[in-house]
Amino acid sequence: MNSRLLTAADAEAYRNLRLEGLQNNPEAFGSSLEEEKDYPIEMFANRFESQGSYTLGVFDHEELVGVATLVQENKLKLKHKASIFAVYVSPKKRGFGIGKRLMVEAINKARELKGVEQLTLTVVSTNASAKRLYSSLGFEVFGAEKRALKIGQEYFDEDYMVLFL
């Protein structure tokens, strides 16, 4: 398996994996399958060319099997912060350390960015495996949002986590 930053050429593979994630784990994303299924490939390609945004991917041979996005704040008073979003590993490849690899690479990328001092992320409070991973890398819970997501008539709480670099 290899990993790298995604480029516009990876847009279709990213879109397919993202839609898989939105379908398999809707509680893990702020977006929904209904919202994103009809987005054009160009919209996904443009994400990889945005200033201050870095999407990492892990490939098994040529197949994209895991992703994580790091976004640095761009306002002067917030530039010391970056956030990790949209971490997802295909179910068929879970348990092989791909999530940890993505997170370590995102943390390392954040350390390369000028002025970034802390990383934040949110995780559904009941996602014990993700919380264990993030905690093992030094992230700490600093707050929680009750009913952060609503899918149908079901609510999901989210924990806010931070890592000081």
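Per the listing 45, 8, 13, the residue uniquely open to solvent by 30 Å² or more (accessible area, probe 1.4 Å), touching a helix residue (DSSP H, G or I) at 6+ places or on another chain (Cβ under 6 Å) and over 24 Å from residue 117 (Cα atoms) is 8.
For segment 93-108, does any single residue satisfy the condition of being part of a helix (DSSP H, G or I) and free of Cβ contacts under 8 Å to residues at least 12 places away in the same chain? Within segment 93-108, one or more residues are part of a helix (DSSP H, G or I) and free of Cβ contacts under 8 Å to residues at least 12 places away in the same chain. Among the criteria (1) among the acidic types (Asp, Glu); (2) over 21 Å from residue 2 (Cα atoms); (3) touching a strand residue (DSSP E or B) at 6+ places or on another chain (Cβ under 6 Å), the one residue 105 does not fulfil is (2).
With respect to residue 68, determine if the residue is open to solvent by less than 10 Å² (accessible area, probe 1.4 Å), under 20 Å from residue 129 (Cα atoms), modelled with pLDDT of 95 or more and in contact with a helix residue (DSSP H, G or I) (Cβ under 9 Å, 6 or more places away or on another chain). For residue 68, the condition - open to solvent by less than 10 Å² (accessible area, probe 1.4 Å), under 20 Å from residue 129 (Cα atoms), modelled with pLDDT of 95 or more and in contact with a helix residue (DSSP H, G or I) (Cβ under 9 Å, 6 or more places away or on another chain) - is met.
Say whether the condition of being touching a Leu at 6+ places or on another chain (Cβ under 9 Å) and among the basic types (Lys, Arg) is met by at least one residue in segment 108-127. Yes, there is a match, as at least one residue in segment 108-127 is touching a Leu at 6+ places or on another chain (Cβ under 9 Å) and among the basic types (Lys, Arg).
Within segment 115-133, can you find the residues that are more than 19 Å from residue 72 (Cβ to Cβ), surrounded by 16 or more Cβ atoms within 10 Å (Cβ to Cβ) and not polar (S, T, N, Q)?
123, 124, 130, 131, 133
Is there a residue in segment 25-34 that is out of contact with any helix residue (DSSP H, G or I) (no Cβ under 8 Å at 6 or more places or on another chain) and among the hydroxyl-bearing types (Ser, Thr, Tyr)? No, every residue in segment 25-34 fails to be out of contact with any helix residue (DSSP H, G or I) (no Cβ under 8 Å at 6 or more places or on another chain) and among the hydroxyl-bearing types (Ser, Thr, Tyr). Look at segment 118-138: where a residue is assigned to a strand (DSSP E or B) and β-branched (Val, Ile, Thr) and a partner is open to solvent by 40 Å² or more (accessible area, probe 1.4 Å) and at pLDDT 95 or above, sitting 6+ places away or on another chain with Cβ atoms under 8 Å, you get 120/81; 120/160; 122/145; 122/160; 123/131; 124/157. Yes or no: segment 153-161 includes at least one residue that is more than 17 Å from residue 26 (Cα to Cα) and either more than 12 Å from the chain's Cα centre (by Cα) or hydrophobic (A, V, I, L, M, F, W, C) (or both). Yes: segment 153-161 contains one or more residues that are more than 17 Å from residue 26 (Cα to Cα) and either more than 12 Å from the chain's Cα centre (by Cα) or hydrophobic (A, V, I, L, M, F, W, C) (or both). Checking 156, 139, 164 one by one, the residue that is open to solvent by 40 Å² or more (accessible area, probe 1.4 Å) and not acidic (Asp, Glu) is 164 and no other.
The values are calculated or read from the model by the stated rules, or taken from the named source; none is laboratory data. Keep in mind the model is a prediction, meaning the values are calculated, not measured. Reconstructed Cβ throughout: ideal geometry from the backbone, glycine too, with neighbour counts over all protein chains shown. The accessibility values were calculated without ligands, DNA or RNA, using every heavy atom of the protein model including side chains. Shrake-Rupley method; radii C 1.70, N 1.55, O 1.52, S 1.80 Å.
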